[in-house]
Amino acid sequence: TEEVKTNQRLNNVIFVLDVSNSMNAEDVAPNRLEQAKNLVLNTMSQMKSDRVGLVVFAGEAASIMPLTTDYTAVDTYVGGIDTGMMKIQGTDFLKAMQETVKKFKNIPKGSRKVVLISDGEDNEGNEQEAASLAKKEGITIVSAGIGTEEGAPVPEYVFGQLMGYKIDRDMKTVVSRRQV
């Protein structure tokens, strides 16, 4: 009977989604963020009774939806995700994991799952610390890399209008490449 209980355990899956500006790159159609959002929805469509939550991150992180089995609500929340959600830009995996740990506070350690969707460019260099925290908290992470190794320029939008592409200090166009 112990084995049956384990198989019936409800999984709690938090999708941790990178919303940094590099996710606007168009090396995958129509862009990285839209592909990431589709990945969330496609993964969710294969779930039966798992509870699902959403954390978005860039240079900071925020939980935008509590754990729920209301997949219609998740659809709505996912539809509203964009790269303008985070005031602090960058990509900080540790902040994302700290926010995720808070959401898992009352969840048994064996049923904590994270689907991390990012182009993998952690500007803060916190990947190891984030992985250690996940391990300590009993969180299983599946990561999905978005984008291509060749990369693409990062579009810059103001009020939805393309204003150009991100440039570095030497006035060269920044090319964002998948790092995961």
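The values are calculated or read from the model by the stated rules, or taken from the named source; none is laboratory data. Computed from a predicted model, the values in this text were never measured in an experiment. Counting neighbours? That spans all protein chains shown, and the Cβs are built from the backbone with ideal geometry, glycine included. The accessibility values were calculated without ligands, DNA or RNA, using every heavy atom of the protein model including side chains. Shrake-Rupley method; radii C 1.70, N 1.55, O 1.52, S 1.80 Å.
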Taking a probe of 1.4 Å, how large is the accessible area per residue of the chain, in Å²?
-> 55 Å²
Ignoring any ligand, DNA or RNA, what whole percent of the accessible area of the chain comes from carbon and sulfur when the probe is 1.4 angstrom?
-> 49 percent
What residue among F57, F159, F104 shows peak mean-square fluctuation when the chain is described by a Gaussian network model with Cα springs under 10 Å?
-> F159
Anyone know which of R169, R51, R112 comes out most mobile in the 10 Å Cα GNM of the chain?
-> R169
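Give the whole-number value, in cubic angstrom per residue, of the convex hull volume spanned by the C-alpha atoms of region 1-131. Please report the intermediate quantities before stating the final value.
Details: hull volume 14.6 nm³, N = 131.
It is 111 Å³ per residue.
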Its Cα gyration tensor gives region 93-180 an equivalent ellipsoid whose semi-axes in whole Å, largest first, are 32, 14, 12
Taking the Cα centre of the chain as the origin and placing charges on Cβ (Lys, Arg +1; Asp, Glu -1), which of F93, I167, M44 is farthest toward the positive end of the dipole?
-> M44
